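Structure record follows, encoded as structure tokens.
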């Protein structure tokens, strides 16, 4: 059943701040609604107790993608379809475009927002691995003001973030990469369309000659929440690019995933897939056949 | 709450007393039952309508959200008794069996043609990725869409 929440549709950021300041409990921000509305129907406890629903789609600043000071900002009401079509994003953040294209269906991508994807923080959120490798930060507003925090710190546990009740994420801030990166996003679902990720990964690699100068890797659905593997990244910087190195990376990431999740019923299947898939992904993009 | 929006080309003003989804507003209040409810969670595409030129599943939209928008449902395609080329081709190629997915399928197809009158086969397949059909195996549907595109 649809709960009898009170519906607000602020038209400016100031109006949004005022509403956030007046309300107390069980406030929820509505952007795409593709998790919230079916959540009502499925009687998900996360949504049925909502008393005040704040629709942020009529705030023009939150519908824009813009480039400034070496950064790109994506507003909180920007949909996956808008991200996919945007020239700035296509130019600087191809992995984000690739991940966005794998989300749901045309109908879902026309409503669902990239910010909503990680605020909901389902382990399978497809935008998270690319945003993490691109070092995304997010801007949060509250009646008291605004602050910026790295996405990696914002995500706490599955379906849990640092966001407080009277706060709203207003934009994603992505630093424009200054190096030339090779990279890819990989998603394995149970089918190709309208599927929930079982395994997802993104990586970026900057090389000079045949040496790894910088390496970034982030997981999605294989760990409880999306995370970067900073120790592994550091360990392989300065290493020579070879099939052996890629095997070592794949093996190290697999071990780290196992450490994070512990043994599960699916481990016997998933672990070799993660390792083999990552190895092939590195080999295909940065290995012998790509040179 | 009063919701003002354009529905199938006509201005509408609807008063709703309870919170509801767009699909409920269309089917229960406005008796436009061409839009079907299948899965209720945005996976089957049966409830697809067009909002401001974009295909969306009406089970994932709240009625209040269409205030100020332009909505097209399957009832808005034909001009009186005159069907669109797309609908004619659905019949010609047997793109319909039980018919439950048809309204949603037509709306996803129509939204694609609004944006791109001459889509490739790949673009056609992507456009209907979010529409399940358990009868036809999709081939006649894709054929009907390819024919519509080639007649443009």
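The values are calculated or read from the model by the stated rules, or taken from the named source; none is laboratory data. From a predicted model like this one, the values you see are computed outputs, not experimental measurements. As a convention, Cβ positions derive from the backbone with ideal geometry for all residues, glycine included, and neighbour counts pool all protein chains shown.
Can you name the residue in segment A:27-44 that is assigned to a loop (DSSP other than H, G, I, E, B) and without any contact (Cβ under 8 Å) to a residue 60 or more places away in the chain and, of all such residues, is nearest to the other protein chains (Cβ to nearest Cβ)? The selected residue is A:42. Residues that are more than 7 Å from every other protein chain (Cβ to nearest Cβ) and not in a loop (DSSP other than H, G, I, E, B) were ranked within segment B:42-58; the one that is surrounded by the fewest Cβ atoms within 10 Å (Cβ to Cβ) is B:51. Anything in segment A:62-82 that is surrounded by 18 or more Cβ atoms within 10 Å (Cβ to Cβ) and more than 14 Å from every other protein chain (Cβ to nearest Cβ)? List them, or say none. Within segment A:62-82, A:62, A:65, A:72, A:73, A:74, A:75, A:76 meet the criteria.
Within the bounds of segment A:227-248, is there any residue that is at pLDDT below 95, assigned to a strand (DSSP E or B) and under 24 Å from the mean Cα position of the chain (by Cα)? Checked segment A:227-248: at least one residue is at pLDDT below 95, assigned to a strand (DSSP E or B) and under 24 Å from the mean Cα position of the chain (by Cα). Within segment A:152-176, if we keep just the residues that are under 21 Å from residue A:102 (Cα atoms) and at pLDDT 95 or above, the residue that is surrounded by the fewest Cβ atoms within 10 Å (Cβ to Cβ) turns out to be A:174.
Evaluate segment B:102-116: report whether one residue or more is closer than 24 Å to residue A:85 by Cα, free of Cβ contacts under 8 Å to residues at least 60 places away in the same chain, more than 10 Å from every other protein chain (Cβ to nearest Cβ) and part of a loop (DSSP other than H, G, I, E, B). Yes, some residue in segment B:102-116 is closer than 24 Å to residue A:85 by Cα, free of Cβ contacts under 8 Å to residues at least 60 places away in the same chain, more than 10 Å from every other protein chain (Cβ to nearest Cβ) and part of a loop (DSSP other than H, G, I, E, B). For residue B:68, the requirement of being within 13 Å of chain A (Cβ to nearest Cβ), modelled with pLDDT of 95 or more, touching a helix residue (DSSP H, G or I) at 6+ places or on another chain (Cβ under 7 Å) and on the phi > 0 side of the Ramachandran plot is not met.
Restricting attention to segment A:76-87, the residues being within 14 Å of the chain's Cα centre (by Cα) and either in a helix (DSSP H, G or I) or closer than 16 Å to residue A:140 by Cα (or both) number 4.
For residue A:2, the requirement of being surrounded by 15 or more Cβ atoms within 10 Å (Cβ to Cβ), at pLDDT below 95 and in contact with a strand residue (DSSP E or B) (Cβ under 8 Å, 6 or more places away or on another chain) is met. Of the residues in segment A:83-90, at least one is touching a helix residue (DSSP H, G or I) at 6+ places or on another chain (Cβ under 8 Å), crowded, with 19+ Cβ neighbours inside 10 Å and at pLDDT 95 or above.
Scanning segment B:117-128 for residues that are at the interface with chain A (Cβ under 10 Å from one of its Cβ atoms) and crowded, with 21+ Cβ neighbours inside 10 Å returns B:127, B:128. Looking across segment A:11-26 at every residue that is outside any helix (DSSP H, G or I) and more than 13 Å from chain B (Cβ to nearest Cβ), the one that is surrounded by the most Cβ atoms within 10 Å (Cβ to Cβ) is identified as A:23. Here is a check on your reading of the model: is residue B:34 away from every other protein chain (no Cβ under 12 Å), closer than 20 Å to residue B:141 by Cβ and in a loop (DSSP other than H, G, I, E, B)? Answer is yes for this residue.
If I filter segment A:233-244 for residues that are under 22 Å from residue A:96 (Cβ atoms) and surrounded by 19 or more Cβ atoms within 10 Å (Cβ to Cβ), do I get at least one hit? Yes, segment A:233-244 has at least one match.
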